[in-house]
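Colleague: I am attaching a structure below and will ask some questions about it afterwards.
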Amino acid sequence: MNWLLLGGSVVGVLGLGLAAHLLGLGADVRIADADHARILADEAHCGFDPVEVAVDRAGTAALLKDADGRHMLIRVHGNHFAARFLDPPFFGRLDRRLLTLSTGDRMFGQVTLDLGDQASHWASGLRGARHG
């Protein structure tokens, strides 16, 4: 009887693992590149057409700007992506190659992007950000 219970448990665990895999749970979700960030921005807000894109070195966030000067911040949120416009007032801090931003939306949280040499360019561009 114990072997039957053990076998049933093993089959159950393997079944749950297969279900999680098929649902994409536990996947390492990343923003692959600027084109991927553009697609995510369009999905988040139809018609947002970025002219500048910066993707965090780890692929966990992206910052985009359209021709009207609106900025959108995209971040990994669990197994999906979340996006918000950076509407003033928002929090921003530059620390060498890192740009930390917060939209004011507590549910979205604070995001730190490693933008390398582009960090200062984006920080200065955010000073004149307009409402989305």
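The values are calculated or read from the model by the stated rules, or taken from the named source; none is laboratory data. These figures come from a predicted structure and were not determined experimentally. Glycine also receives a Cβ, built like all others from the backbone with ideal geometry; neighbour counts cover every protein chain displayed.
Colleague: Does the stretch 30-54 hold any residues that are over 12 Å from residue 83 (Cβ atoms), part of a loop (DSSP other than H, G, I, E, B) and touching a residue at least 24 places away in the same chain (Cβ under 8 Å), and which are they?
Modeller: Result: 30, 32.
Colleague: Which one of 58, 62 is outside any strand (DSSP E or B), under 16 Å from residue 114 (Cβ atoms), under 14 Å from the mean Cα position of the chain (by Cα) and in the same structural domain as residue 119 (by TED's automatic domain parsing)?
Modeller: The conditions single out 58.
Colleague: Looking only at the stretch 35-60, filter to residues that are hydrophobic (A, V, I, L, M, F, W, C) and out of contact with any Asp or Glu (no Cβ under 9 Å at 6 or more places or on another chain); which one of those is nearest to residue 104 (Cα to Cα)?
Modeller: It comes out as 44.
Yes/no matrix, rows are residues, columns are (1) at pLDDT 95 or above; (2) loosely packed, with under 12 Cβ neighbours inside 10 Å:
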position: 16; (1), (2): no, yes
position: 27; (1), (2): no, yes
position: 38; (1), (2): yes, no
position: 42; (1), (2): no, no
position: 66; (1), (2): no, no
position: 70; (1), (2): no, no
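Colleague: Any chance you could count how many residues in the stretch 55-87 are touching a residue at least 40 places away in the same chain (Cβ under 8 Å) and either within 13 Å of residue 125 (Cα to Cα) or among the aromatic types (Phe, Trp, Tyr) (or both)?
Modeller: The number of residues fulfilling the criteria is 10.
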